[in-house]
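The values are calculated or read from the model by the stated rules, or taken from the named source; none is laboratory data. What you are looking at is a predicted structure, and each value in this text was computed from that prediction instead of being measured. Cβ placement follows ideal geometry from the backbone for every residue including glycine, while neighbour counts extend to all protein chains displayed. Areas reflect the complete protein model, heavy atoms only, side chains present, ligands, DNA and RNA absent. Shrake-Rupley method; radii C 1.70, N 1.55, O 1.52, S 1.80 Å.
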Amino acid sequence: MEDAFWDAGRKQRLRVRGAIAGAGLVIGTLVWDFRVGLVLGVLAGLADLGYHWSGRYRSRVWRTGTQGPQETTKILRRNLRRRRGYTVLHRVKVPGHPQIDHIVIGRNGIWTLQSRAYALDTTLAAYGGKLFIGERTAPQLTAELRTASEAFAEMLSDKLGHQVQADPVIVVHGGELPRGGTLTVDGVTLVRAMTLGRWIRRHPETDFTPAEVQEIIRTTARLLPLASHW
């Protein structure tokens, strides 16, 4: 079903790609020579191919009906394995709050993740401190994750005897985020799924020692019912 959906526009994409490559060939030949034109044509065709491949990848969850948390789990496994110093807890239930899809614990911070999938042409933006998905506001989406994250951090801090912070993140599959692939609104950061692992590694919130990380993992496992972790 996924391939049938995507292949519906394949002929049109190939025609456009051919036109783009041809334009690169002609321009390069006229301005420089045939060899430069040939290189430009190939590069232009590859650039168009990369653009559409990225769109196909980003829209996969929305097109196929695949569960967003499942795709996020695959991304986390590829980018945040234990050898990188991260532990990921799955399907965590904070009492009195909706289930959190994932909690990521590492030396550079703690993140609570919720996954959402949208069509590629759905714009996600912030106006007046509110999240807009398309033309509609979505205050409940950020509020639920933020309050669950705050409740988890408060429970964890009480047990540990010192203050810790859990940063709420909505993992966006598909959709159009602002340039850079991130958006922060109402205390919650929206991150493009493709860049999630790199974003976590490059945005440290703290600097836990290895012993502190293990204590946080053990305490979380005692406090909350966990479906699984790795």
- Reported set for segment 126-136 where residues are open to solvent by 20 Å² or more (accessible area, probe 1.4 Å) and in a strand (DSSP E or B) is Ala126, Tyr127, Lys130, Phe132, Ile133, Arg136
- Could we say that Thr123 is in contact (Cβ under 8 Å) with a residue 12 or more places away in the chain, surrounded by 20 or more Cβ atoms within 10 Å (Cβ to Cβ) and in contact with a strand residue (DSSP E or B) (Cβ under 8 Å, 6 or more places away or on another chain) here? no
- Apart from one, (1) part of a loop (DSSP other than H, G, I, E, B); (2) touching a helix residue (DSSP H, G or I) at 6+ places or on another chain (Cβ under 7 Å) all hold for Met155; the odd one out is (1)
- Item | Of residues in segment 82-114 being touching an Asp or Glu at 6+ places or on another chain (Cβ under 6 Å) and open to solvent by less than 10 Å² (accessible area, probe 1.4 Å), the one nearest to Thr142 (Cα to Cα) | Leu113
- Message: Only one of Trp62, Trp53 is touching a Gly at 6+ places or on another chain (Cβ under 8 Å), open to solvent by 40 Å² or more (accessible area, probe 1.4 Å) and either at pLDDT below 80 or closer than 29 Å to Gly106 by Cβ (or both). Can you tell me which?
- Response: Trp62
- Starting from segment 74-97, take each residue that is touching a residue at least 60 places away in the same chain (Cβ under 8 Å) and list its partners that are of a type in the set (Lys, Arg) and not in a strand (DSSP E or B), counting only C-beta distances under 6 angstrom and pairs at least six apart or across chains. Gly85/Arg107
- Query: So which of Leu223, Leu160, Leu156, Leu183 is touching a strand residue (DSSP E or B) at 6+ places or on another chain (Cβ under 7 Å) and of a type outside the set (Val, Ile, Thr)?
  - Reply: Leu183
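Considering each of Pro139, Pro178, Pro204 in turn, give the residue that is under 19 Å from the mean Cα position of the chain (by Cα), touching a residue at least 12 places away in the same chain (Cβ under 8 Å) and open to solvent by 70 Å² or more (accessible area, probe 1.4 Å).
Pro204
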- Task: Go through (1) in a loop (DSSP other than H, G, I, E, B); (2) farther than 30 Å from Thr122 by Cα and name the single condition Ala211 misses.
- Result: (1)
- Task: Hey, could you check segment 158-180 for residues that are assigned to a helix (DSSP H, G or I) and out of contact with any Lys or Arg (no Cβ under 9 Å at 6 or more places or on another chain) and say which is nearest to Tyr127 (Cα to Cα)?
- Result: Asp158
- Task: Among the residues of segment 181-201, count how many are touching a helix residue (DSSP H, G or I) at 6+ places or on another chain (Cβ under 6 Å) and either assigned to a loop (DSSP other than H, G, I, E, B) or surrounded by fewer than 18 Cβ atoms within 10 Å (Cβ to Cβ) (or both).
- Result: 3
- Within segment 142-175, the residues that are touching a Pro at 6+ places or on another chain (Cβ under 6 Å) and either open to solvent by 20 Å² or more (accessible area, probe 1.4 Å) or of a type in the set (S, T, N, Q) (or both) are Glu144, Arg146, Ser149
